[in-house]
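First up is the structure itself, then whatever we jot down about it.
The values are calculated or read from the model by the stated rules, or taken from the named source; none is laboratory data. Keep in mind that what you see is a predicted model, and the values were worked out from it rather than measured. Counting neighbours? That spans all protein chains shown, and the Cβs are built from the backbone with ideal geometry, glycine included.
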Amino acid sequence: MSQEDRIVVQIDSDVMRVTLNRPEVRNAQTPAMWEQLAHIASDIPAAVRFVVLSGRGQDFSAGLDRSVLAEGMLTELQAEPDDFIARAQEGFARWTRIPQVVIAQVHGNAIGAGFQLALASDVIVAAPGTRFAMREVSIGLVPDLGGTGALIDALGYRRAFALCATGDFLSAEQAHKWGLVHALAEDPKTATDEFMESLRHLDGSAIADIKVLLQSVASDRDSWKQERSSQLTRLATLFGTSRA
């Protein structure tokens with residue numbers, strides 16, 4: 001499978017579907033995929049009003065493909081951690097900056113980077129039984145791909161802290177009750193299509209302005225820089241180096 005095949009992009013009228021396509025590893029993500037996600041988000045045709053993020057196979061995304069740690073990622077993190085994390089964040093941050101409505105259509109597991117990709121969307125639609133988790137603490141790290149601010153906006157500090165500190169799983173059912181998941185549906189694709197249809201008769205530019213307005217007053221607007229700073233501290237501790 002080529003790097004390009006790991007994320008499939010399909011455009012149908014005003015909808016662009018972006019599908020993680022590594023079902024054999026539960027759509028585990030790599031730095032190359034984060035770079036590809038950033039490129040995709042930067043090159044959306046003007047006619048597109050909606051972007052649907054999804055995953056092929058049994059899971060939305062099981063998080064980081066840990067095999068890349070042995071394939072050079074650790075070396076990069078030791079050599080240029082700030083630059084590496086900043087580049088990784090772009091694969092997630094750019095989805096929050098585009099005017100299109102971004103919908104995460106989630107099923108199975110959304111763990112770590114998978115959860116944070118879903119949190120980069122405007123709306124999450126989930127299948128029953130879906131599980132969300134921030135598991136970075138299990139390897140001595142913190143979430144650093146933009147998800148923490150959006151998580152606090154949705155759940156509040158105490159729930160977000162407990163979730164990130166324990167690495168526990170959050171069910172889609174509970175996430176729906178708490179307001180993180182917009183819709184819980186046996187058929188997430190149909191529910192996603194229905195949601196998009198409900199917006200089609202509305203002024204697209206007004207919706208884009210609402211997105212900018214709400215993001216400007218949301219607490220997650222500063223999470224990217226703080227996450228990077230916290231992760232640099234964790235990496236210095238793990239590698240036994242001093243924080244510059």
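For the range 148-173, name all the residues that are in a helix (DSSP H, G or I) and of a type in the set (G, A, S). Give the steps one after another, and end with the answer.
Narrowing the range 148-173 to residues in a helix (DSSP H, G or I): 148-155, 157-166, 172-173.
Listed by number, the residues that qualify are G149, A150, A154, A160, A162, A165, A172.
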Checklist entry - Conditions: (1) in a helix (DSSP H, G or I); (2) within 19 Å of G63 (Cβ to Cβ); (3) over 13 Å from the mean Cα position of the chain (by Cα); (4) at pLDDT 95 or above. V137 meets all but one. Number of the miss? => result (4)
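For the structure I just gave you, tell me whether L151 is modelled with pLDDT under 95, within 30 Å of L74 (Cα to Cα), surrounded by 15 or more Cβ atoms within 10 Å (Cβ to Cβ) and among the hydrophobic types (A, V, I, L, M, F, W, C). Talk me through it step by step, then tell me what you get.
Values: modelled with pLDDT under 95: no; within 30 Å of L74 (Cα to Cα): yes; surrounded by 15 or more Cβ atoms within 10 Å (Cβ to Cβ): yes; among the hydrophobic types (A, V, I, L, M, F, W, C): yes.
Spelling it out, it is not the case that L151 is modelled with pLDDT under 95, within 30 Å of L74 (Cα to Cα), surrounded by 15 or more Cβ atoms within 10 Å (Cβ to Cβ) and among the hydrophobic types (A, V, I, L, M, F, W, C).
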Next on the checklist: Checking the structure you have, find out if any residue of the range 67-80 is charged (D, E, K, R) and closer than 30 Å to D203 by Cβ.
Outcome noted: no
Next on the checklist: Condition (residue is more than 30 Å from E197 (Cβ to Cβ) and touching a residue at least 40 places away in the same chain (Cβ under 8 Å)) applied to the range 117-125: is it met by at least one residue?
Outcome noted: no
Next on the checklist: It is to be established whether one or more residues within the range 67-81 are out of contact with any Pro (no Cβ under 9 Å at 6 or more places or on another chain), of a type in the set (V, I, T) and without any contact (Cβ under 8 Å) to a residue 24 or more places away in the chain.
Outcome noted: yes
Next on the checklist: Residues that are touching a residue at least 40 places away in the same chain (Cβ under 8 Å) and over 19 Å from D14 (Cα atoms), at least 3 per element: which helices (runs of 4 or more DSSP H) completely within the range 174-244 meet that?
Outcome noted: 223-239
Checklist outcome for this item: Among strands (runs of 3 or more DSSP E) entirely inside the range 1-112, those with 2 or more residues being at pLDDT 95 or above and touching an Asp or Glu at 6+ places or on another chain (Cβ under 7 Å) are 101-106
Next on the checklist: Looking at the range 90-105, can you tell me whether even one residue there is touching a helix residue (DSSP H, G or I) at 6+ places or on another chain (Cβ under 6 Å), surrounded by fewer than 22 Cβ atoms within 10 Å (Cβ to Cβ), acidic (D, E) and closer than 18 Å to T233 by Cβ?
Outcome noted: no
Checklist entry - Any idea which of A62, A47, A28, A32 is touching a residue at least 24 places away in the same chain (Cβ under 8 Å), small (G, A, S) and within 18 Å of D12 (Cβ to Cβ)? => result A47
Next on the checklist: Among (1) more than 26 Å from V15 (Cα to Cα); (2) touching a residue at least 60 places away in the same chain (Cβ under 8 Å); (3) not in a helix (DSSP H, G or I), there is one condition L145 misses while meeting the rest; what is its number?
Outcome noted: (1)
Next on the checklist: Given (1) under 23 Å from H182 (Cβ atoms); (2) in contact with a helix residue (DSSP H, G or I) (Cβ under 9 Å, 6 or more places away or on another chain), identify the lone condition not met by G114.
Outcome noted: (2)
Item to check | Scan of the range 35-92 for residues that are on the phi > 0 side of the Ramachandran plot and out of contact with any strand residue (DSSP E or B) (no Cβ under 6 Å at 6 or more places or on another chain), ordered by number | outcome: G57, G72
Checklist entry - Any chance the range 186-199 includes a residue that's among the acidic types (D, E), surrounded by 13 or more Cβ atoms within 10 Å (Cβ to Cβ), under 21 Å from the mean Cα position of the chain (by Cα) and within 23 Å of A86 (Cβ to Cβ)? => result no
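Please count how many residues of the range 121-135 are crowded, with 24+ Cβ neighbours inside 10 Å and either out of contact with any Cys (no Cβ under 6 Å at 6 or more places or on another chain) or among the charged types (D, E, K, R) (or both).
Initially, the range 121-135 is screened for residues crowded, with 24+ Cβ neighbours inside 10 Å, giving 124-126, 130, 132, 134.
Still in the list and also either out of contact with any Cys (no Cβ under 6 Å at 6 or more places or on another chain) or among the charged types (D, E, K, R) (or both): 124-126, 130, 132.
Result for the range 121-135: 5.
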